[in-house]
Amino acid sequence: MDQLELNPIYIAGHLNPDIDSIASAMGYAWLLHERDGKNAIAVRTGSLTAQTSWLLQTLGLEPPMLLNDASPRFNRIARPLPPILPDRPLHEALSIISSYSIGVPIVGSDNVPLGLVTGGSVFKLLSNQIRTLVDFEKVSVATLLSIKCRESMDPEVPRFPLSMRVSDARRKVLNEERNDFIVTRDDGTYFGVCRSPDVLTPPKMQLILVDHNEVSQSIRALEEAELIEVIDHHRVGTQSTITPIPFYIDCVGSTSTLISERIIASGLMPPPAIVALLLAGVISDTLLLASPTTTKRDHIIVERLMELVRKSGILPYKDHKEFGDALFSVSSSLSVLSPDKIVTTDLKLYNMNEKQFGLAQIEVGNLNELGPRVKEISEALEELCESKGLEFAVLMVTDVVRANSRLVVAGNQALLKDLPYTPLADHTMDATGIVSRKKQLLPVILGFLE
């Protein structure tokens with residue numbers, strides 16, 4: 001395993017990732033790798049939306065790997081020491097111990113670990129020899145060193161799988177007298193060894209956040225990672241860091257705009273698929289440049305990226321609007337999604353004045369899809385409030401083409417009874433002209449809570 005593989009930098013968007021979150025992570029990973037030689041790896045922190053899956057498949061790109069939390073796993077601390085077979089003489093194991101100062105793994109022919117030869121296990125072997133031999137003084141060193149490793153190993157040394165969280169093994173290691181442990185692959189075969197200091201103070205995962213900065217919207221166990229950079233276009237709400245880090249938030253319509261600007265400034269030319277992915281990130285987050293969050297910089301980036309896309313021929317669309325129409329036509333239909341999926345696919349949690357609340361959004365082809373499902377969606381929102389301890393939750397059902405939304409509210413609705421939207425007979429609210437959760441709905445709700 002080379003040094004790059006041992007020291008990756010993970011780039012993660014927010015939970016329930018949208019296209020901008022995926023695009024900015026993949027685009028920035030490409031830039032850091034090509035410009036700085038970093039082993040930057042884009043990851044996702046949740047399931048892909050239908051739009052994102054269609055987009056990646058259309059562009060021939062593999063989805064980023066799923067990273068559920070930032071807690072170090074045993075793959076971060078395992079040392080891939082070459083194992084030896086149980087019938088090999090003890091002196092071979094002692095030679096490795098003297099070179100690496102760690103227990104030597106003994107494996108069977110199927111590569112399943114049988115135990116470790118350690119200083120402690122060798123001492124136990126010698127103690128047994130002294131007790132059982134009548135004339136120990138006549139036993140030569142050569143005889144002792146020729147003892148098979150199976151007789152001198154510790155067969156009861158704990159095993160930990162590669163994918164296991166190091167923090168979950170800490171209590172067991174603290175209660176052990178041993179210092180060396182075996183790390184296995186998930187199928188139980190040998191991978192490497194680790195030491196107790198590695199378990200007690202594992203190296204932290206290096207992490208860059210894009211398209212968000214609030215802990216409630218971020219990967220789980222963020223506090224166990226080393227946060228080294230943030231690039232975002234939302235309000236500030238991040239956790240503190242031990243040392244200063246690059247923290248960049250700017251008022252543009254998408255994080256893909258910020259990443260595209262950095263790529264252009266570098267003078268590098270990304271592959272056509274990355275260009276098209278970033279273009280999709282901008283036009284999806286700005287709702288085809290129609291969202292109130294859209295800036296002149298977003299327009300400039302879209303023009304620049306669309307020109308490159310046309311030249312490459314990677315997409316069959318004549319302009320960004322045609323591409324956007326194709327993208328938005330893949331929007332999820334309420335008729336085929338479960339109520340839980342509808343309220344959690346694009347959910348963001350916020351805190352204000354000790355009140356936690358959730359704002360979810362889903363894009364549809366027509367708001368008429370909502371009517372038959374209002375009751376079960378409302379029930380799902382109520383369950384969401386109860387399970388996550390939310391003061392209230394709002395689902396924003398948005399028709400991107402017609403630039404309108406309907407709101408479904410659950411929880412403590414008294415806090416939101418004076419929202420400036422028209423109540424309807426089915427207990428939803430008509431939010432005509434409202435399409436941006438960040439720029440239009442969230443500020444209004446925060447204003448009420450203040």
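Every read-out reported here was derived from the displayed coordinates using simple, explicitly stated rules and does not represent laboratory data. The structure presented is a predicted model; accordingly, all values stated were derived computationally and were not measured. Counting neighbours? That spans all protein chains shown, and the Cβs are built from the backbone with ideal geometry, glycine included.
Computed quantities for the displayed model
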{"read-out": "Efficiency of FRET between residue 221 and residue 148 - r from beta-carbon atoms, R0 45 angstrom, step 0.05", "value": "0.55"}
{"read-out": "DSSP bridge pairs, the chain: antiparallel proportion in percent, nearest 5", "value": "50 percent"}
{"read-out": "Ordering of 123-132, 341-350 by burial proxy (mean other Cβ atoms within 10 Å per residue, highest first)", "value": "341-350, 123-132"}
{"read-out": "Considering only segment 75-200, percent of DSSP beta bridges that pair antiparallel, nearest 5", "value": "75 percent"}
{"read-out": "Span-rule helices in the chain, defined as complete DSSP H runs reaching 18 Å or more along the axis (Cα) with Kyte mean at least 0.5", "value": "272-285"}
{"read-out": "Listed residues 234, 320, 427, most fluctuating in the chain (Gaussian network, C-alpha, under 10 Å)", "value": "427"}
{"read-out": "Rounded to the nearest 20 debye, dipole of the chain from Cβ charges on Lys, Arg, Asp, Glu", "value": "600 debye"}
{"read-out": "Karplus (6.51, -1.76, 1.60) ³J(HN,Hα), θ = phi - 60°, over segment 427-434, in Hz, Gly and Pro reported as x", "value": "6, 9, 10, 8, 10, 4, x, 9"}
{"read-out": "Shape of segment 334-449, Cα gyration tensor, a/c cut at 1.5", "value": "oblate"}
{"read-out": "Net length gained if the chain between residue 319 and residue 171 were fully extended (0.36 nm per residue, minus Cα distance)", "value": "47.4 nm"}
{"read-out": "Kirkwood Rh, Cα atoms: Rg over Rh of the chain", "value": "1.12"}
{"read-out": "Range of Cα positions in segment 68-134 per principal axis (Å), largest first", "value": "59, 24, 21"}
{"read-out": "Helix-derived mean residue ellipticity, 222 nm - over the chain, DSSP H n ≥ 4, -39500 (n - 2.57), to 500", "value": "-10500 deg cm²/dmol"}
{"read-out": "Rg(Cα)/(2.2 N^0.38 Å) for segment 75-200, N = residue count", "value": "1.10"}
{"read-out": "Gyration tensor over alpha-carbon atoms, segment 18-139, equivalent ellipsoid semi-axes in Å", "value": "53, 15, 12"}
